[in-house]
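Shown next, in structure tokens, is the structure this report addresses.
Every number in this text was worked out from the coordinates using simple rules, so none of it is lab data. Please read these numbers as outputs of a predicted model, since none were measured by experiment. Reconstructed Cβ throughout: ideal geometry from the backbone, glycine too, with neighbour counts over all protein chains shown.
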Amino acid sequence: MHNRAAYTTVLCLLAVWGAVCATAAAEQVERVVLQRAGRQHTIEGRLLLTAQDGGVLLMARDGALWAIPPEEQLERTPLDHPFESLGPEELGRRLLAELPAGFDVHHTANYVILYDTSRAYAQWCGSLFERLYMAFTNFWRRRGFDIQQPEFPLVAIVFANRDAYVRYSRAEVGEAIESIIGYYSLRSNRMVMYDLTGSGPAGRVSRTATTAAQINALLSRPEAGRQVATIVHEATHQIAFNCGLHIRYSDCPRWFSEGIAVYFETPDLTSARGWRGIGAVHRARLAQFRDYLQRRPPNSLETLLRDDRRFLDAKQALDAYAEAWSLTYFLLRRYPDKYIEYLRALSDKEPLIEDGPERRLLEFQEVFGDLRELDEEFLRYMLRVR
Ligand SMILES: [Zn+2]
């Protein structure tokens with residue numbers, strides 16, 4: 001669904017760090033030796049922030065974010081060469097060394113895919129991601145948003161085996177991993193998933209017999225649609241955080257990032273090139289929203305916008321996602337220019353700076369106007385959507 005663990009980490013950081021005193025002005029590159037959970041790490045990266053207590057936020061050369069409190073720091077050395085992200089070959093080699101034996105690398109234009117599935121499955125993922133990437137970036141360019149080239153190759157790790165995927169991910173995601181079929185991590189900047197043809201409702205195929213056509217046939221079945229949508233949803237988050245729509249660890253409102261991910265999540269496995277159906281009515285989310293309307297409180301829009309609480313509460317999350325999709329759908333159709341203006345403002349936010357509910361509401365209303373009027377129009381509009 002989404003990476004709850006990573007968001008929780010951010011909230012903890014905000015609470016612990018409190019006052020962030022300085023954003024690194026000129027680019028500063030450092031090597032930090034740190035001790036964490038009994039292990040020593042040496043990280044070279046761009047210094048993004050220094051907190052008042054001496055904690056630092058470092059962007060490593062593979063795109064991972066390291067929030068390092070003072071008590072973990074053993075040594076900090078400023079470096080005098082400019083920051084350089086790892087290229088796809090080097091990144092692939094390093095990831096291979098990190099993963100269990102049996103993994104291989106598949107490169108596409110924008111992705112480094114580490115897999116121990118069949119090669120065909122890795123290729124199928126690569127093709128899906130590249131088509132989504134193309135469709136996603138074109139969509140925003142056409143609406144006047146300045147899409148950035150990703151600074152880092154986009155990484156996906158694809159496990160053949162669900163148990164191995166769970167073992168790998170548990171430290172980061174926690175027990176929730178049991179019910180998540182794939183996720184994008186804000187911390188590592190990677191997607192992690194497993195072979196959907198090997199388990200779950202899509203059925204089983206033997207590894208050696210797997211071909212692109214068989215994979216497509218299996219995953220095009222209606223019962224696999226929800227699973228593929230989840231992978232597309234997570235891939236959308238990764239692209240959005242790497243192409244300049246959102247800044248990782250910034251206080252981007254959850255309704256906004258999730259609204260975009262749901263807006264793009266409808267899979268399109270019918271075409272080898274394009275991606276039909278972006279921005280189409282999302283049947284499941286619309287149905288959920290209609291259902292929610294029967295119990296929707298008058299201040300629903302405000303609670304959706306002001307903080308992320310409804311997304312973090314299991315009882316309210318489905319309604320929150322449905323309302324986030326509905327609002328995104330309404331705003332992109334009815335007020336595309338204002339939406340892009342609001343997107344630009346959010347894409348300028350700094351990491352680890354918390355806005356708070358008042359500021360969130362204010363920034364939204366500065367662009368879209370009075371909430372009550374907008375809410376009336378929103379509901380009228382959504383009732384007509386077929
Ligand atoms: Zn999400």
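Structural remarks
- Relative contact order of the chain, defined on C-alpha pairs under 8 angstrom at six or more residues apart (%): 14 percent
- Cα-based Kirkwood hydrodynamic radius, region 39-138, one decimal, Å: 16.1 Å
- When TRP255, TRP140 are arranged by Cβ crowding within 10 Å, least crowded first, meaning fewest neighbours, the order is TRP140, TRP255.
- Under-5 Å amide H pairs with ASP251, H placed in peptide plane, nonlocal only: LEU352, ILE353
- Label-point gap, in nm, between ARG93 and GLN149 - each point 7 angstrom along Cα→Cβ: 2.2 nm
- Sorting the segments 65-75, 233-243 by their residues' average number of neighbouring beta-carbon atoms within 10 angstrom, most packed first, yields 233-243, 65-75.
- Ranked packing of 78-87, 330-339, most packed first, by mean Cβ within 10 Å: 330-339, 78-87
- Burial ordering of TYR115, TYR168, TYR184, fewest other beta-carbon atoms within 10 Å first: TYR168, TYR115, TYR184
- Cα-based shape type of the chain, given that a ≥ b ≥ c are square roots of the gyration tensor eigenvalues and the cut on a/c is 1.5: oblate
- For the chain, the antiparallel share of DSSP beta bridges with both residues in that region comes to about 75%.
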